[in-house]
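The values are calculated or read from the model by the stated rules, or taken from the named source; none is laboratory data. On a predicted model such as this, the values are computed, not experimentally measured, just so you know. A quick note on method: Cβ atoms are made from the backbone with ideal geometry, for glycine too, and the neighbour counts reach across all protein chains shown.
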Amino acid sequence: MAEISSIYPFVVNFLIVVIVIALAARKPLRRLVYQRHEHIRDFVESSAQELERARARDLVATKQLAGAEKEASELAAKEIEMAEREAREILDFGDREVRRLSKEAESMAGAMAADAGDRLRLEFVDEILARASSRLTTGLKKDDHSEILRRAENSIGAEA
């Protein structure tokens with residue numbers, strides 16, 4: 001026990017130092033704890049306000065996104081409708097042009113066929129006249145030949 005009794009003065013001195021330090025540091029320590037408490041409370045309050053503002057911005061953004069998605073789908077539907085209408089107009093125009101060109105081609109073909117028929121008739125008549133002329137010249141007198149030729153040309157000219 002002698003050893004424990006020799007420790008008493010140290011323990012008493014330690015307790016006195018702790019009590020003096022506690023009394024001396026009480027107000028500054030209290031102020032430090034209070035300031036720290038206020039700082040943490042202000043931080044929590046400002047964080048809560050920021051959270052509310054962020055939630056409000058998120059709600060606005062969500063509504064805008066929903067509106068934008070709806071608007072995008074409406075625009076896409078309008079664009080599809082316009083594209084289909086334009087495609088129908090192009091196809092209708094193509095059909096009209098095909099009909100017009102077909103009629104024009106038929107008309108041109110008919111005119112060309114009539115022209116070819118006329119040319120063929122003229123060539124045939126010229127060939128007949130040439131053959132007739134050559135046969136007549138060999139078998140007729142010159143005056144008779146000229147008279148027959150003139151009459152044939154006149155009758156062919158009257159038919160045309």
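Test Arg99 against the criterion of being at pLDDT below 80 and part of a helix (DSSP H, G or I), and give yes or no. No.
Yes or no, residue by residue, for (1) under 30 Å from Glu153 (Cβ atoms); (2) among the polar types (S, T, N, Q); (3) in a helix (DSSP H, G or I):
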position: Ala25; (1), (2), (3): no, no, yes
position: Gln35; (1), (2), (3): no, yes, yes
position: Ser46; (1), (2), (3): no, yes, yes
position: Glu69; (1), (2), (3): no, no, yes
position: Ala77; (1), (2), (3): no, no, yes
position: Met82; (1), (2), (3): no, no, yes
position: Gly117; (1), (2), (3): yes, no, yes
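Residues in region 8-25 that are at pLDDT 85 or above and either among the basic types (Lys, Arg) or surrounded by 10 or more Cβ atoms within 10 Å (Cβ to Cβ) (or both): Val11, Val12, Asn13, Phe14, Leu15, Ile16, Val17, Val18, Ile19, Val20, Ile21, Ala24.
The number of residues in region 125-160 that are basic (Lys, Arg), at pLDDT below 65 and in a helix (DSSP H, G or I) comes to 1.
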